Amino acid sequence: MISVSFIIPSWNAKEYLLKCIDSIVNNCTQYKYEIIIVDNCSSDGSAEAVSKKFQEIQVINLEKNLGFAKACNIGIKKSKGDLLFIVNSDTEVFQENITKMIKYMKKNSDVGILGPRVQGADGRIQRSYMRTPTVWNQLCRTLFLDKMTKKSKFFGGYLMKDFCNDITTTVDIINGCFWVVRKVALKTVGLLDERFFIYGEDMDWCLRFRQKGWKVVYFSGANIIHYGGMSSANAPLKFYIEMQKANLVFWIKHKNKLEVYLYVCIQLLHMFIRCAGYRIIAIFKNKEKKSLYKKSRFYLETLNWYLNEIKYFYEI
């Protein structure tokens, strides 16, 4: 019987996808497993390349890009394993790290979702965890209080700048680049919310796991590599706005009306401060003026999007 399912949603990431699959095939040798690729209508030949090199792997070709959450759900429904590794196509896992994660999940039956320690290609540890967003920690971020007091949980709570990533512990949110999910937990938690096209699904899902009594764990005992940001680097404004959309969906779904109103006000302030701030700095840094104006324009366009689109979200 298959005990582990690897579900990899992918979109135009052929080279990274092939490396990701290689790392799984070469390092998951102790367990019966399956790999399911859900291709979000890639145009770079990803699906064809996988089918040619790995004939035993199931590739699901979607007719259009349905987003991360929908692609994951399609893979989950097809899976046969008791443990689901939901893996970004731009990740790699080596040596005994798969085994370590499986053993931890088998030993700790109350853990519903686990995330390993994440390293970038340069070897630096990436933040892969967050605390649940609140009005207070969002305000701290807007006013740069989290950057000025990096060791403070009170001021820097949202991005967990005070956290020591060398320990294994429960957390509020594991970011969605690499999850190990206990399939039986999904009977009570449910699948990913498909209103989240990209971003935000991690906040929502982890909250729902915790609400149903399952632990969400950051596991420092295993490392993976996440190259990250490959798609967003080509269209930063588009992806940043997608993130804002996802955050709004989360707040409207899980917070009361007053909290949503305060959150929106804080986000408008966030954009305004940065838009105006870069313009002011540009006055004194003539050599960097072009770059600073570009950053200012970035936040101005996001601010305009907020003002034009916010009414739509209250209908969700």
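The values are calculated or read from the model by the stated rules, or taken from the named source; none is laboratory data. Being a predicted model, the structure only gives us computed values, none of them experimental. Counting neighbours? That spans all protein chains shown, and the Cβs are built from the backbone with ideal geometry, glycine included. Just the protein is used for accessible areas: all its heavy atoms, side chains included, with ligands, DNA and RNA removed. Shrake-Rupley method; radii C 1.70, N 1.55, O 1.52, S 1.80 Å.
When the Karplus curve 6.51 cos²θ - 1.76 cosθ + 1.60 is applied with θ = phi - 60°, which whole-Hz ³J(HN,Hα) does each residue of segment 289-300 get, with x for Gly and Pro?
For segment 289-300, the Karplus curve yields 4, 4, 5, 5, 5, 5, 5, 4, 5, 4, 6, 5 Hz.
Please state the relative contact order of segment 144-225 as a whole percent: Cα pairs under 8 Å, 6+ residues apart?
Computed value for segment 144-225: 33 percent relative contact order.
Give me a comma-separated list of calculated 3J(HN,Hα) values for segment 40-54, in order, Karplus coefficients 6.51, -1.76, 1.60 applied at θ = phi - 60°, integers in Hz, x for any Gly or Pro.
My calculation for segment 40-54 gives 7, 6, 5, 10, 9, x, 4, 4, 5, 5, 5, 4, 6, 8, 10 Hz in order.
Using Cα pairs under 8 angstrom and six or more residues apart, how large is the relative contact order of segment 235-316, in percent?
On the way: 45 pairs, mean separation 29.3, N = 82.
Rounded, it is 36 percent for segment 235-316.
Please say if segment 185-272 is rounded, prolate or oblate, where rounded means a/c under 1.5 for a ≥ b ≥ c the square roots of the C-alpha gyration tensor eigenvalues, and otherwise the choice is prolate for a/b larger than b/c and oblate otherwise?
It comes out oblate by the Cα gyration axes.
Given Cβ point charges of +1 (Lys, Arg) and -1 (Asp, Glu) and nothing else, what value in debye, to the nearest 20, does the dipole of the chain about its Cα centre take?
Numbers: 47 positive and 29 negative charges, 191 e Å.
Approximately 920 debye in magnitude.
Tell me which residues come under 5 Å, amide H to amide H, from S220 once H is placed; ignore anything under 5 positions away on its chain.
The list, which skips near neighbours in sequence, is T168, T169.
Using the Cβ atoms and a cut-off under 12 Å, what net charge is assigned to the surroundings of S23, where Lys and Arg are +1 and Asp and Glu are -1?
Result for the neighbourhood of S23: -2.
With a Förster radius of 22 Å, plug the Cβ-Cβ distance of I283 and K147 into 1/(1 + (r/R0)^6) and report the FRET value to the nearest 0.05.
The pair I283/K147 has a calculated efficiency of 0.45.
How large is ³J(HN,Hα) for each residue in segment 273-280, as worked out from phi by the Karplus curve 6.51 cos²θ - 1.76 cosθ + 1.60 (θ = phi - 60°), to whole Hz, x for Gly and Pro?
Using θ = phi - 60°, the values come out as 4, 6, 4, 5, x, 5, 5, 5 Hz.
I want to check the label-to-label distance for W305 and Q211. Put each point 7 Å from Cα in the C-beta direction and report it in nm to one decimal.
2.6 nm
Given a 1.4 angstrom probe, what's the average accessible area per residue across segment 205-303, in square angstrom?
Details: 5370 Å² over 99 residues.
Per residue, segment 205-303 has 54 Å² of solvent-accessible surface.
Looking at this model, which pairs from K100/K215; K245/K285; K32/K77; K80/K187 are more than 22 angstrom apart at the alpha-carbon? Spell out each step's value before the answer.
Details: K100/K215 18 Å; K245/K285 33 Å; K32/K77 18 Å; K80/K187 14 Å.
Those over the limit are K245/K285.
Go through segment 128-190 and name the chymotrypsin sites (Phe, Trp or Tyr not before Pro) that are in a DSSP coil and have 15 or fewer other Cβ atoms within 10 Å of their Cβ.
Those satisfying the criteria are F144, F154.
Comparing E201, E15, E288, which has the greatest mean-square fluctuation in the GNM of the chain with Cα pairs linked when under 10 Å apart?
E288
With runs of 4+ DSSP H residues as the only contributors, calculate the mean residue ellipticity of the chain at 222 nm using -39,500 (n - 2.57) per run, divided by the residue total and rounded to the nearest 500.
-14500 deg cm²/dmol
Out of residues 5 or more away from I7 or on other chains, whose amide H comes under 5 Å of its own, with H placed 1.01 Å from N in the peptide plane?
Correct list: I36, F85, I86, V87.
Among 23-35, 52-64, 109-121, how do they line up by average Cβ neighbours within 10 Å per residue, starting with the highest?
Result, highest mean first: 109-121, 23-35, 52-64.
What is the helix-to-structure angle for 97-107, meaning the angle in degrees between its Cα long axis and the longest Cα principal axis of the chain, kept from 0 to 90 and rounded to the nearest 10?
So the helix axis and the longest Cα principal axis differ by about 80 degrees.
Can you give me the relative contact order of segment 65-166 as a percent, contacts being Cα pairs under 8 Å and 6 or more apart?
15 percent
Nearest 5 percent is fine: what portion of the DSSP beta bridges confined to the chain is antiparallel?
40 percent
Using a 7 Å offset from the Cα along the Cα-to-Cβ direction at both S291 and I60, what is the distance between the two label points in nm, to one decimal?
4.3 nm
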